[in-house]
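All remarks here apply to the structure that follows.
The values are calculated or read from the model by the stated rules, or taken from the named source; none is laboratory data. In this text, all values refer to a predicted model and were calculated from it rather than measured experimentally. Virtual Cβ from ideal backbone geometry, glycine too; neighbours counted across all protein chains shown.
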Amino acid sequence: MNFYLTYFFIAIGLFGFSALFALFGVYAERKVSAFIQDRLGPTETGKYGSLQTFADILKMLQKELIIPAAADKLLFMMAPAIIFIAVYLGFAALPWGPGLVPSKLNLGLYYVFAIISIETLGILMAGWGSNNKYSILGAMRSAAQIISYEIPAGFALISVVMIAQTLNLQDIAAQQGVLSPGKTMFSGFWDVSSIGGILAWNIFRAPHLLIAFVIYFIASLAESNRAPFDIPEAESELVAGFHTEYTGLRFALVFLAEYSMMFLVSMIGVILFLGAWNTPLPNIGPAHLAAWTTGAGWGILWIMIKTLTLIGIQMWIRWTLPRLRVDKLMALCWKVLTPLAFLCMLISGIWRLWLM
Amino acid sequence: MSLAQVLFYIMSFISLASALFVASTKNLVRSIFMFFITLFALAGLYVLALADFVAITQIVIYVGGILVLILFAFMLSGKETLNAITQQRKAFISLRKIPAILLAALFLIVLVNMIFKVDANNLAWIRRSIEARNDITPSSAMTENIGVSLMTNYLLPFEAISILLMIALVGAAHLSRKGARP
């Protein structure tokens, strides 16, 4: 029975973590945007405005839950829950450190990829259920965008999987450091299994994986509906897109899902390309930096630092680049990213056959 | 009853009940969202049958692809079209429905016949596989198995499907092309 209790604790822990991260993420986003736009951001509530998001969530909890008269009530109420659960389920297969993974799935990566695609359905549900033209336009844009960008993201991931030869996220993570069970080559010619560190990360295992990482990163911005790909909720055109009609706790759930999605896609990027929970410090001669800084505790620290760095870059991009037009967005996906991702996959196959 | 059995009955109940709702409701959009629940419960049943790869593929293709495309078609067609479908005639048995009823009845007869004839607990080919140790366990990795099978025993069907998909892609590109058509 203890067995099942552990499952519940881990599930609740992950939920608590994503809620805490959303609180921190909103605060960080406001501060980052303020810095980039030469403003101050929240300053009044708490020291440096640090209690601002807590005040916001308290306000949201007290708000009335308004359901529009013409809405499809059931779909309208269920949509935020489905959007959030789809993202939250994805966390089940992500490894946090050596031996620390909520669910050790053989098909981990494929599972995460499948579960993320359910979010689209929740967004369409919200758009249709609201019975509002802005909502429905936002939902349709969002679905079109997510479906399109899943293709380059998927092929970028496949080109890594072809090199790593497994879909198990924990195995992929282990291959990129000193705990690797097999040989890890730097660019296909230098065996770095005992050196580890930044040299063993997947982006350096083959030169084309660096391109695959860039493709994945761009596509992941689109999948989490972040600027410059935020046409589903373009404020200047669509009020707030698919979540125009949501208030109070339901709106909070939609936001929670957005920030959890940011964390999820960044963490997948880190696991697949940036060495997962492995340390960036290599073993140099007698200084076994990699061996000293590898372990369960260190693993959580490294993966958090790397993921938060990627999220920081996402925020930086959001407040720097202007929004793309719909047709430019699709052109970028289908005419640039998809062919490049196909090319990466092809090179991965050749690499696997002749160089490994 | 073991936990697996309880899960099996829960999931088959969910899939059957939601499928009934999909077939009977007049609200088409809700029936599509209900179909999502049916597909999810089916994916759960696949997992119980140790076919986890099939389960996830079902979610990727049906939920992430086909259902979203159906919803797209819905949202692009106007409310009037949808209302016309809602106001169908209510009679349960009518002349127009006879082919459907006939087909369903025949299919039911075939299914019932199958269920009574097959002795599911000791099928010959399953017993042979177990004796030859050619079976899968909950911990075995299925992806390699599927990949090798697709590239050896089932290469011809696999390639035939890829050609079919290619034809569909070329057709879609041709239909959406700008300019004068021959």
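Brief remarks follow.
- Take the conditions (1) more than 20 Å from A:TRP316 (Cβ to Cβ); (2) part of a loop (DSSP other than H, G, I, E, B); (3) in contact with a Pro (Cβ under 8 Å, 6 or more places away or on another chain); A:SER180 misses just one of them, which is (3).
- Figure legend. Inter-residue proximity from the range A:45-73: first residues away from chain B (no Cβ under 14 Å), second residues buried (at least 16 other Cβ atoms within 10 Å of the Cβ) and in a loop (DSSP other than H, G, I, E, B), beta-carbon distance below 6 Å, spacing 6+ or different chains. Indicated pairs: A:GLY49/A:PRO42; A:GLN52/A:PRO42; A:PRO68/A:GLU245.
- Residues in the range A:115-143 that are within 8 Å of another protein chain (Cβ to nearest Cβ) and not in a helix (DSSP H, G or I): A:SER117 only.
- Test: residue in the range A:228-242 that is of a type in the set (A, V, I, L, M), in a helix (DSSP H, G or I) and farther than 20 Å from A:ALA139 by Cα: no
- For the range A:94-114, a residue qualifies if it is in contact with a Phe, Trp or Tyr (Cβ under 9 Å, 6 or more places away or on another chain), more than 12 Å from A:ASP171 (Cα to Cα) and within 14 Å of another protein chain (Cβ to nearest Cβ), and the qualifying residues are A:SER103, A:TYR110, A:VAL112.
- Figure legend. Inter-residue proximity from the range B:149-176: first residues in the same structural domain as B:PHE53 (by TED's automatic domain parsing) and touching a residue at least 60 places away in the same chain (Cβ under 8 Å), second residues loosely packed, with under 10 Cβ neighbours inside 10 Å and part of a helix (DSSP H, G or I), beta-carbon distance below 7 Å, spacing 6+ or different chains. No pairs are indicated.
- Scanning the range B:1-25 for residues that are farther than 21 Å from A:GLY122 by Cα and within 14 Å of another protein chain (Cβ to nearest Cβ) yields B:LEU3, B:VAL6, B:LEU7.
Residue-wise test of (1) exposed (fewer than 11 other Cβ atoms within 10 Å of the Cβ); (2) basic (Lys, Arg); (3) modelled with pLDDT of 90 or more.
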position: B:ILE126; (1), (2), (3): no, no, no
position: B:ARG133; (1), (2), (3): yes, yes, no
position: B:PRO138; (1), (2), (3): yes, no, no
position: B:MET142; (1), (2), (3): no, no, no
position: B:MET151; (1), (2), (3): yes, no, no
position: B:PRO157; (1), (2), (3): yes, no, yes
position: B:ILE163; (1), (2), (3): yes, no, yes
position: B:ILE167; (1), (2), (3): yes, no, yes
position: B:HIS174; (1), (2), (3): yes, no, no
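- Within the range A:262-356, helices (runs of 4 or more DSSP H) holding 2 or more residues that are of a type in the set (Lys, Arg): A:296-318
- Hits in the range A:76-85 - residues which are crowded, with 23+ Cβ neighbours inside 10 Å and under 9 Å from A:ILE118 (Cα atoms): A:ILE83
- Scoring A:PRO95 on the criteria (1) touching a residue at least 24 places away in the same chain (Cβ under 8 Å); (2) crowded, with 22+ Cβ neighbours inside 10 Å; (3) not in a loop (DSSP other than H, G, I, E, B) leaves a single failure, condition (3).
- Residue check, A:LEU40 of a type outside the set (Ser, Thr, Tyr) and within 14 Å of another protein chain (Cβ to nearest Cβ): no
- When A:ILE146 is tested against (1) over 18 Å from the mean Cα position of the chain (by Cα); (2) within 10 Å of chain B (Cβ to nearest Cβ); (3) hydrophobic (A, V, I, L, M, F, W, C), just one condition goes unmet, and that condition is (1).
- Any chance A:GLY241 is in contact with a helix residue (DSSP H, G or I) (Cβ under 9 Å, 6 or more places away or on another chain), over 30 Å from A:LEU61 (Cβ atoms) and not hydrophobic (A, V, I, L, M, F, W, C): no
- Inside the range A:84-93, residues that are within 13 Å of another protein chain (Cβ to nearest Cβ) and within 18 Å of A:GLY127 (Cβ to Cβ) make up a count of 2.
- Verdict on A:LEU167 being buried (at least 21 other Cβ atoms within 10 Å of the Cβ), part of a loop (DSSP other than H, G, I, E, B) and within 13 Å of another protein chain (Cβ to nearest Cβ): yes
- Pair list, Cβ under 9 Å, 6 or more apart: the range B:116-135 residue closer than 18 Å to B:SER149 by Cβ and not assigned by TED's automatic domain parsing to the domain that holds B:SER149, other residue among the hydroxyl-bearing types (Ser, Thr, Tyr) and part of a helix (DSSP H, G or I): B:ASP135/B:SER129
- Matching residues, the range A:277-309, being crowded, with 22+ Cβ neighbours inside 10 Å and either modelled with pLDDT under 80 or polar (S, T, N, Q) (or both): A:ASN278, A:THR279, A:ALA290, A:THR294, A:THR307
- Looking only at residues in the range B:56-72 that are of a type outside the set (Val, Ile, Thr) and facing another protein chain (nearest Cβ under 9 Å), the one that is nearest to the chain's Cα centre (by Cα) is B:GLN58.
- Within the range A:190-215, being without any contact (Cβ under 8 Å) to a residue 12 or more places away in the chain and not in a strand (DSSP E or B) holds for A:LEU210, A:VAL214.
- Among the residues of the range B:20-51, those identified as among the β-branched types (Val, Ile, Thr), farther than 25 Å from B:LEU3 by Cβ and within 15 Å of the chain's Cα centre (by Cα) are B:VAL22, B:ILE32.
- Subset tally (residues that are of a type in the set (A, V, I, L, M, F, W, C) and crowded, with 24+ Cβ neighbours inside 10 Å) for the range A:119-137: 5
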